[in-house]
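Structure first, then comments.
The values are calculated or read from the model by the stated rules, or taken from the named source; none is laboratory data. What you see is a predicted model; the values in this text were computed from it and never measured. Cβ atoms come from the backbone with ideal geometry, glycine included; neighbour counts cover every protein chain shown.
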Amino acid sequence: MKFATKTIHAGQEADQTTGAIMTPIYQTSTYIQKSPGDHKGYEYSRTGNPTRTALEKNLAALENGKYGLCFGSGLAAIDSIIKLLNPGDEVISTNDLYGGTYRIFTKIFAQYGIKFHFVGMDKLDDIKKIINKKTKMLWAETPTNPMLNIIDISKIAAIAKKHNLISVVDNTFATPFLQKPLDLGADIVMHSLTKYMGGHSDVVMGAAICKEKEIAEKLYFIQNSSGAIPGPMDAFLILRGIKTLHLRMERHCENAKEIATFLNNHSKVDKVYWPGLTSHVNHNVAKEQMEDFGGMVSFNLKGNNLKDAIKIVSNTHYFTLAESLGGVESLCGHPASMTHAAIPKIEREKTGVVDSLIRLSVGIEDVSDLISDLEKALKIV
Ligand SMILES: *Cc1c(COP(=O)(O)O)cnc(C)c1O
């Protein structure tokens, strides 16, 4: 099955009892047993639910994995993946990281004796220098948030294999439409389905996908034991969103390209970060491992004035000022005061998250409306 067929069909079949074409929302907590243990594969909805199963199979197919697991949020997926580790273990992670991931690593799991090192993962030697006997996992996000850096997944996966580490890739920004980390050698792909996969800004959910049975079984055990599972209605909504993933992603990428080009030529803009620009530091890696360059664009202003950036994000009309990304509607954000406020100023500036940085989640509206919106907002500063 090709990708655009998988989005619509993988893991889903017409309902056996009624013929309903859409996966039913099995709004049930428990299942009949004729005699103890005699059931149709489901006992209790924390452990498994048919609507969730359909989504989990669909995700596994999209990522070219074998096993898919859904969680109540992207962070719940991260929480379960880190629980594969033990106190004393060490993780090497991307330094330019989703703020919530940085927070759960440093404020929750550090307390349980897991140590995190943050490095710019496009510099492979910096990773190799930190690896020691306690290192157990490499955590990569690519493209990164909000700087849209690109990390070479196959190189990271090769380092992990060599040192017997679990490699995890947060594939939220790219989605399997643009890149498939498992094909490039990663062990686990993680998603915030809240973003492009759901695509309509109406659900919060997360996922982990892998190929290895051993990892999958451990994750299932953690999923069932820790319990951060999504409800069937939410699983249905993500399934429904995924049916148009390929079409949405195409338009997100096309629109982002035009907007990145517009900003790149604007006199008030200092730098534009979009992996599709030939000026992007890792453009060649992006070209190699991605089908296209995604719908996220970041830029900063000449003069780097915090107030100007805030004025711009407060005065756009179609680019709604809001956290999150990946929906059909365009959003804008100011990472320094919003998504990345939890990261200390010195830390964030090291990675490029300066005061005037603005992050755009380019939606699938008509791009001329989006460009004139930015044009107007840039005029007032
Ligand atoms: C949103 C996001 C998360 C967290 O997911 P939630 O669904 O909000 O819990 C993790 N990683 C990235 C890259 C994200 O954008």
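Laid out as a table, the results:
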item	result
Flag if I104 is over 24 Å from the mean Cα position of the chain (by Cα) and modelled with pLDDT of 95 or more	no
Filter result (assigned to a loop (DSSP other than H, G, I, E, B) and more than 16 Å from the ligand (Cβ to nearest atom)) within the stretch 358-381	I364, E365, D366, I380, V381
Residue tally, condition crowded, with 16+ Cβ neighbours inside 10 Å and either free of Cβ contacts under 8 Å to residues at least 24 places away in the same chain or closer than 23 Å to S356 by Cα (or both), over the stretch 249-260	5
Filter pass, P143 being more than 14 Å from the ligand (Cβ to nearest atom), touching a Phe, Trp or Tyr at 6+ places or on another chain (Cβ under 9 Å) and either of a type in the set (K, R) or closer than 19 Å to E288 by Cβ (or both)	no
Residue within the stretch 96-116 that is aromatic (F, W, Y), assigned to a loop (DSSP other than H, G, I, E, B) and farther than 30 Å from M1 by Cβ present	yes
Every residue from the stretch 25-70 that is without any contact (Cβ under 8 Å) to a residue 24 or more places away in the chain and not in a loop (DSSP other than H, G, I, E, B)	T30, Y44
Residue within the stretch 219-236 that is under 24 Å from E329 (Cβ atoms) and acidic (D, E) present	yes
Of all residues in the stretch 213-230 being surrounded by fewer than 18 Cβ atoms within 10 Å (Cβ to Cβ) and outside any helix (DSSP H, G or I), the one that is farthest from the chain's Cα centre (by Cα)	G227
Selected residue (criterion: surrounded by the most Cβ atoms within 10 Å (Cβ to Cβ)) from residues of the stretch 75-100 that are within 16 Å of the ligand (Cβ to nearest atom) and farther than 19 Å from I156 by Cα	A77
Within the stretch 172-196, considering residues that are within 10 Å of the ligand (Cβ to nearest atom) and over 19 Å from S93 (Cβ atoms), the one surrounded by the fewest Cβ atoms within 10 Å (Cβ to Cβ)	K195
Subset of the stretch 266-275 [surrounded by fewer than 21 Cβ atoms within 10 Å (Cβ to Cβ), in contact with a strand residue (DSSP E or B) (Cβ under 9 Å, 6 or more places away or on another chain) and part of a loop (DSSP other than H, G, I, E, B)]	H266, K268
Boolean, L62 is farther than 26 Å from V353 by Cα, surrounded by 16 or more Cβ atoms within 10 Å (Cβ to Cβ) and assigned by TED's automatic domain parsing to the domain that holds C210	yes
Pair list, Cβ under 7 Å, 6 or more apart: the stretch 143-156 residue under 24 Å from M338 (Cα atoms) and crowded, with 24+ Cβ neighbours inside 10 Å, other residue modelled with pLDDT of 95 or more and charged (D, E, K, R)	P146/R359
Positions within the stretch 65-74 being buried (at least 22 other Cβ atoms within 10 Å of the Cβ) and farther than 16 Å from A140 by Cα, in sequence order	G65, G68, L69, C70, F71
